[in-house]
């Protein structure tokens, strides 16, 4: 049993923190894990992505082959679409629906969301607005992780909560709680939609 | 102390080296190698053992200092990105001639696909060129395990050992089982002056000894546990998979495929011949250039088919992917969904508020007044000034080339010739070029855009911080043509005035816009906030 995840977003949006939490949960659960990250030049406002592979058995390639990602988890809707060729036929896209426009030729928002919605399995929400509304502006990425949690199959909610607590522990209890609340918010959004 | 840890390939190298009894790491930051040295700098175990780990000015100073530590009998590691090998090549190649005392491992992290680089040169050629053993781990566990073996091999052969990573291994995380740490070597400087004084008489003897070691180096690779041959059955095709390519091959390999995994060089000829004896043809799968493919083809000549990146079965350029390897193996796969329609490239850009932005704003404004102006850029965040909205630079070639190319262009008659170089790049390779320009009284204007850090690679200490005025004056730049300014929108009139005046001055001028990197500043403020909580 395996799960392949493409994590994507724009440099600075915090996709690596999502990867760290999933990685921590997977390690604690005794799963095999490989996670290829992007460092360096691509971090500065450019597109960033990370390949994350979890499995109950050994994993060979650090990179996910085309057409095999079970999930695309993205902090930005166009960045979710960028990795479409990697999505498996029955794969799901979990993404923020709020465009981050830092290029002059950003596509038409309505057309972009329509293309996204035409995919078979999509969960999308304006997580930044949700974060603002609930006064947790710095935890938008944990809202997204919450939205993805029901699709993470090899990991349950408790394992993810435990990982959030351990990953953010050194930043203090307030930060841990804010991230746990954000996770819960995303989780309920995904369940109730 | 054995435990399982989730580590990047770079971190596995670092921890492997520490557990192998490392006494010093010497490096200049460069993606994808930077995290090795950073891990050692942050490691409590390294601190406990007094492992030397501060950043060096460039890869050559790093390589030479590591050789000095090896001379003194201790184990030393040098880390760099692939193009750093060009910078330290003089020291590296000659270290194979002197030989080493304490184990010396040179780690080069290659960047096929040029994620953060200006070429995709394959460091394995350097190892072959210098006649030293090369190790190329296939995964994070091997990266960790290999370090102790690399140091032992270096001490056994009295030679530097080259270890090669590629970006995907350097920056990919997996669980690593760690072992027991070895003791560090005691101080024991070498007494064999004839080994170390490379006068021609000694050098010839030493080189003969290096050539004489080649059969032993080859035997080590043939017996290496990192090279393995599996032939479940005779087959139409057999695969030689080098380093990380082994993972891509296993991802899609049909059952029964004969595979020779190569992770130690010189490549094991005996195993290659055995593979060929059981297969109709050989496919060489390797990341980087067709290094192994060329050599394997040379073993068999025309009569036996050898395929790979050169023959076209695999793409000649770019990093390997599980997809291109599967295709070469004839395994079907591919996308369920086509490329999206609503998609635009999102290139990296200079951060909002970055001082380099103000430098380019000023430079573009003044350069517009001089239609013949040419602006020679350099390696760093400020290379992004080549992209919109600035489109400000005409060249970017290698570390330090801004100053020297501006000089050469000025020598040829280009006016104004302007160089833009970052602080860390200036101390890495710009100072010597500036001295040339001063001695030649070249008509150039040099901008040292100083953000007090090595920003591109994530904010490492920069060797010349707070020393740039003194360095320029000492190199002979005239006081009245050396200016320090603060790149802020409010200071635009002052900066453009100085730029104009110094372009009009027909000699060497240096302008140092100085303001801290937004990223390191933000990090410091966050740390402060954390501490006061």
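A few comments on the model shown:
- For the range B:190-348, the square roots a ≥ b ≥ c of the C-alpha gyration tensor eigenvalues yield an a/c of 1.5 or more together with a/b not exceeding b/c, which makes the shape oblate.
- Calculated [θ] (222 nm, deg cm²/dmol) that DSSP helices of n ≥ 4 give over chain B, each run adding -39,500 (n - 2.57): -12000 deg cm²/dmol
- The alpha carbon gyration tensor of chain A gives principal lengths a ≥ b ≥ c with a/c below 1.5, which makes the shape rounded.
- Looking at the range B:355-520 alone, DSSP beta bridges between its own residues are antiparallel in about 5 percent of cases.
- Near-label residues of the range B:127-162 by backbone N, under 15 Å of a point 7 Å along Cα→Cβ of residue B:216: B:132-133, B:152-161
- Mean Cα-pair separation over length for the range A:1-141, i.e. relative contact order, pairs under 8 Å, 6 or more apart, %: 24
- The range B:355-520: relative contact order in percent, alpha carbon pairs under 8 Å with at least 6 residues between: 26
- Estimated FRET transfer efficiency (residue B:183, residue B:223; beta-carbon r; R0 25 Å; 0.05): 0.45
- Extension gain, residue B:203 to residue B:304: 0.36 nm times the residue separation minus the Cα-Cα distance gives 32.3 nm.
- Using a Förster distance of 56 Å, the FRET efficiency for residue A:101-residue A:57 (Cβ separation, nearest 0.05): 0.85
- The protection proxy used here, the mean number of other Cβ atoms lying within 10 Å of each residue, ranks peptides A:138-148, B:276-286, B:26-36 as follows, highest first: B:26-36, A:138-148, B:276-286.
- The distance linking the range B:477-511 with the range B:65-123 is 38 Å (Cα centroid to Cα centroid, whole angstrom).
- Estimated FRET transfer efficiency (residue B:54, residue A:114; beta-carbon r; R0 41 Å; 0.05): 0.15
- Counting neighbouring Cβ atoms within 10 Å and putting the fewest first, the residues A:78, B:431, B:405 line up as B:431, B:405, A:78.
- The value of relative contact order for chain B, using C-alpha pairs under 8 Å at least six residues apart, is 11 percent.
- Dimensions of the protein assembly as shown based on its C-alpha atoms, expressed as ranges along the principal axes with the largest first, amount to 70, 69, 53 Å.
- Rounded is the label for the range B:355-520, because a/c, from the alpha-carbon gyration tensor with a ≥ b ≥ c as root eigenvalues, stays below 1.5.
- When Rg and Dmax are taken over the Cα atoms of chain B, they come to 25.3, 78 Å.
FYI, it's all coordinate maths here, none of it is from the lab. From a predicted model like this one, the values you see are computed outputs, not experimental measurements. Ideal geometry is used to build each Cβ from the backbone, glycine not excepted, and the neighbour counts take in all protein chains shown.
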